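The values are calculated or read from the model by the stated rules, or taken from the named source; none is laboratory data. Not measured: the values here are computed from a predicted model. Glycine gets a Cβ as well: all are built from the backbone with ideal geometry, and neighbour counts include every protein chain shown. The accessibility values were calculated without ligands, DNA or RNA, using every heavy atom of the protein model including side chains. Shrake-Rupley method; radii C 1.70, N 1.55, O 1.52, S 1.80 Å.
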Amino acid sequence: MQPPTLPRTLILDYYDSYTNNLLCLFTQLYSDAEVLNKVIVIKADKYTWSEFQEQVLPNIDCVILSPGPGRPDNPSDIGFGLDLLRSHPVPILGVCLGHQAIGVAFGAKIINTPRITHGHVVSVSPVIPSKGLFDSPFWQLSGKENDFEVVVYNSLTVDPSTVPDELEVTAWSVPNSDRPSTVQGLRHREYPIWGVQYHPESISSTRGLALLQSFLAKVNQFHSSPDSFPALPSQIVASCAYRVSAASKSRPSSALPTPPITPSPSRAPSQRRPRRGGLSISEKRMGDLGKQLRAQDVFESLIKQNRGSRKGKEKAIGEFWLDGQTPSRSTTTSLATPSFLLSYSLSTRTVTLNRPSLPPSRLILSDATTFWDWFSAGSQSLTSSLSATSSQGFRGGWVGYFGYEMKLESLQGYERAPRVDRSDGLVEEVDACWGWVDCLTERTSEGQWIARGVLRDEEVPLDGKNDEDDEDLSMLDWLRSHEVSLGASRQGWENYLESIQDVLSNSSPDHTKPAPSFPTFRPNATGSDYRNRIDACREAIRQGESYELTLTTRFTSSCHPSLDPYSLYLRLRTFNPAYYSTYLHFPTLVTPRGKGLSVLSSSPERFLKIDKSRRVEMMPIKGTRARACVEEGKKVDERIGEELRLDQKERAENLMIVDLIRSDLLSCCTPSTVSVPKLIALESYGVHNLVTTVQGTLAGNVGSVECVRRCFPPGSMTGAPKLRSVQMLDDFEGEKRRGIYSGCLGYFSIDGVSDLSVVIRTIVAEGEHLSIGAGGAITWLSDRDKEWEEVLTKVGSVVGKLDDVQ
């Protein structure tokens, strides 16, 4: 059967982390261009009810009420949804929270489900004879069996004993020994209103497409089956939370991004296109030279002695080693010294420029912008100034991190605190820090060394001017005002090559020894405190406020001033080698805990990677088990891994984050390209983990930094729905900062290629203060003792078993 004609569809989003996944169902039936012209996702609080009636309803043909946290009988959670249902001006489909709202709007009560489960697959059976959407020809053709499998994410349900006469149950979950039957489908007997409790958009739900077709067929019937529906008006399209552009067949895969159409609610998009030229990329392969040298040897000779500096022996402001130390997967190693740093403090909205041998310079951003906006626009200007490139990997550009608290400026719906005036002299937090790298040295997985450089054309100035109505000085203009040059000169590049060749030709027998042991770490929260917080998380989940909460805590220690963080990293990279092993050292940065900031990471988890074809890949980890010791043997270790892979609770945790990440990618990728090539696979490094791969192709109007912003913070570190979960975690964790932990680190290559990890399994050194963050995903099925044990396992994978911690 031909799919129904696509009507103008408004998806009212109750800040759920799965709403965007509904778009994937649409793109199985229609082209991306059709979907983006006819389907819109709008936050539920974007309009008042009167505004919605006047401005929106006359221009749409149907509404989908999304899933979401909270209760439909709570006005602050459902907004004008009940008014919309009772007036029923157009056909309406309710999903999860939207389904429950149908019940409440017409008199039903909401109760807890007899058995609370999130991220689990259950069987659903439509009533016989079938009714509502399950009586559609599209549904009947989608499968021979009456029962079908779906994913549920609900603590609450419609009380079947209170369903009013004007509503009718259309589907029930199939009961089993530990799960009674619950209402899974509703319809209004007279009005064009239908609902399902389950999530048809989940990656593990079946027959979701047939449900959507059935609804759209009803919409067509309601509107007398027109040959076509008009496009959405531009003013409604402009109210979309995040808008992406449809893929263009004529667009080359290496094309650079255009300015974002909807970068953030705080500022309008720029329509200016920086001119090309001004920067170019050069590289020199060293053949067999230095192949016998370890990465450590070259790092110490080239980076720690600062022999690759533009100005020779001046003191470096940073040392970068993107290590990738793992015996399980081939990877590259990149070594670099930044020429300058840009750090950012959220509390004061201050960007600080740090340069060797010069005092810091500061720029305060206006309330109309965010660091994400400012940094993204500047990075795109640099990318657009680059001559075409087709290589993968880090080519030069930015290396650094976004701390977890940058969520204040990335999450829609999260209110920023007012700017703080730091006239009190207190030291600010460093919430983000990115160092500019003109020249770097890379070791390939085959052991060959490559020098790479970003070179500037002295006769073609970089274009970084602002729009006329922009309050903030652009990044490039601000840097230029401080006489900061981006890109190495030809002579500087030649000098760098000489330094590398000298290092690779003359291996030094002297090298730093790893620290003999790790300092002793102690938890900031006792085991009893953490268990009580787990109980609080489970109660919030029971009340329907969240599906999953990633609760964390911190372990701290101190080190003697003589202990070099670098020697501690050398111990870490051998004790717990990982794909995203990284050493970042900022000796001049000052935090409230001391001078000098170092990040010693052994993270196994990819947050987000963007390749040269603009394909985005995310690899969330959820589900962890300690590996068997050598004495227990390989078979025991394999059994532990297999038990993890089959554990229903752990699989549910992973699935919840997978669906969240799919929705994140749909905010910045062409909808039809988002896919899950690997679902809940076992990977074993220092510990056993369950890992999923989610991919999509970046939309033409979204740049690399903007892509990260739309997906930040990492879903595996928040839970779902993301916004509500983060807000509750702020409370459960006592408003304590997570800092760099739970954020992301890595690089933004000047050509747009990017690769960032989730900051887990990481030691952060600030002066003499050391910290490790650790936590786990809490669901209704969580066992408080096992969750605390998992936290200790994660910390133990970094610094060894913790003695006397209960």
Some residue of segment 450-461 being open to solvent by less than 20 Å² (accessible area, probe 1.4 Å), of a type in the set (K, R) and outside any loop (DSSP other than H, G, I, E, B): yes
Answer residue from segment 765-806, given it is basic (K, R) and in contact (Cβ under 8 Å) with a residue 40 or more places away in the chain and is surrounded by the most Cβ atoms within 10 Å (Cβ to Cβ) among those: K794
Given (1) open to solvent by less than 30 Å² (accessible area, probe 1.4 Å); (2) at pLDDT below 95; (3) within 19 Å of C433 (Cα to Cα), index of the condition P338 fails: (2)
Count of segment 382-394 residues which are within 23 Å of D477 (Cα to Cα), open to solvent by less than 20 Å² (accessible area, probe 1.4 Å) and outside any strand (DSSP E or B): 4
Yes/no for E653 being surrounded by 21 or more Cβ atoms within 10 Å (Cβ to Cβ), part of a helix (DSSP H, G or I) and of a type outside the set (K, R): yes
Residue in segment 627-640 that is buried (at least 16 other Cβ atoms within 10 Å of the Cβ) and part of a helix (DSSP H, G or I) present: yes
Test set (1) in contact with a helix residue (DSSP H, G or I) (Cβ under 8 Å, 6 or more places away or on another chain); (2) open to solvent by 10 Å² or more (accessible area, probe 1.4 Å) - V702 fails condition number: (2)
Tally, over segment 395-407, of residues that are in contact with a Gly (Cβ under 7 Å, 6 or more places away or on another chain) and in a helix (DSSP H, G or I): 2
In segment 43-58, residue farthest from the chain's Cα centre (by Cα) [restricted to those that are open to solvent by less than 40 Å² (accessible area, probe 1.4 Å) and more than 24 Å from V151 (Cα to Cα)]: L57
Boolean, E605 is open to solvent by less than 10 Å² (accessible area, probe 1.4 Å), assigned by the TED database to the domain that holds L440, of a type outside the set (A, V, I, L, M) and under 30 Å from G68 (Cα atoms): yes
Residues satisfying the stated conditions in segment 134-156, i.e. part of a strand (DSSP E or B) and either touching an Asp or Glu at 6+ places or on another chain (Cβ under 9 Å) or not aliphatic (A, V, I, L, M) (or both): F148, E149, V151, Y153, N154, S155
Sole residue being open to solvent by 10 Å² or more (accessible area, probe 1.4 Å) and aliphatic (A, V, I, L, M), chosen from L563, L572, L589: L563
Answer residue from segment 504-555, given it is of a type in the set (V, I, T) and modelled with pLDDT of 95 or more and is farthest from V151 (Cα to Cα) among those: T553
Whichever residue in segment 408-438 is assigned to a loop (DSSP other than H, G, I, E, B) and among the aliphatic types (A, V, I, L, M) and, among such residues, is most open to solvent (accessible area, probe 1.4 Å): L426
Residue in segment 346-358 that is buried (at least 22 other Cβ atoms within 10 Å of the Cβ), out of contact with any strand residue (DSSP E or B) (no Cβ under 7 Å at 6 or more places or on another chain) and touching a residue at least 24 places away in the same chain (Cβ under 8 Å) present: yes
Any chance G70 is open to solvent by 40 Å² or more (accessible area, probe 1.4 Å), touching a residue at least 60 places away in the same chain (Cβ under 8 Å) and of a type in the set (G, A, S): no
Residues being in a loop (DSSP other than H, G, I, E, B) and open to solvent by 10 Å² or more (accessible area, probe 1.4 Å) - total across segment 359-369: 5
Unique residue being among the polar types (S, T, N, Q), at pLDDT 95 or above, in the same structural domain as N37 (by the TED database) and open to solvent by 40 Å² or more (accessible area, probe 1.4 Å) when the list is S202, S234, S225, S214: S225
Complete set of residues in segment 172-187 that are open to solvent by 10 Å² or more (accessible area, probe 1.4 Å) and either among the polar types (S, T, N, Q) or touching a helix residue (DSSP H, G or I) at 6+ places or on another chain (Cβ under 9 Å) (or both): W172, N176, S177, S181, T182, R187
Residue within segment 680-690 that is touching a residue at least 12 places away in the same chain (Cβ under 8 Å), under 18 Å from E548 (Cβ atoms) and crowded, with 24+ Cβ neighbours inside 10 Å present: yes
Some residue of segment 745-756 being in a loop (DSSP other than H, G, I, E, B), among the charged types (D, E, K, R), open to solvent by 10 Å² or more (accessible area, probe 1.4 Å) and within 30 Å of D564 (Cβ to Cβ): no
Residue within segment 157-170 that is in contact with a Lys or Arg (Cβ under 7 Å, 6 or more places away or on another chain), surrounded by 22 or more Cβ atoms within 10 Å (Cβ to Cβ) and part of a helix (DSSP H, G or I) present: no
Residue list for segment 173-206, filter: part of a loop (DSSP other than H, G, I, E, B) and aromatic (F, W, Y): Y191, Y198
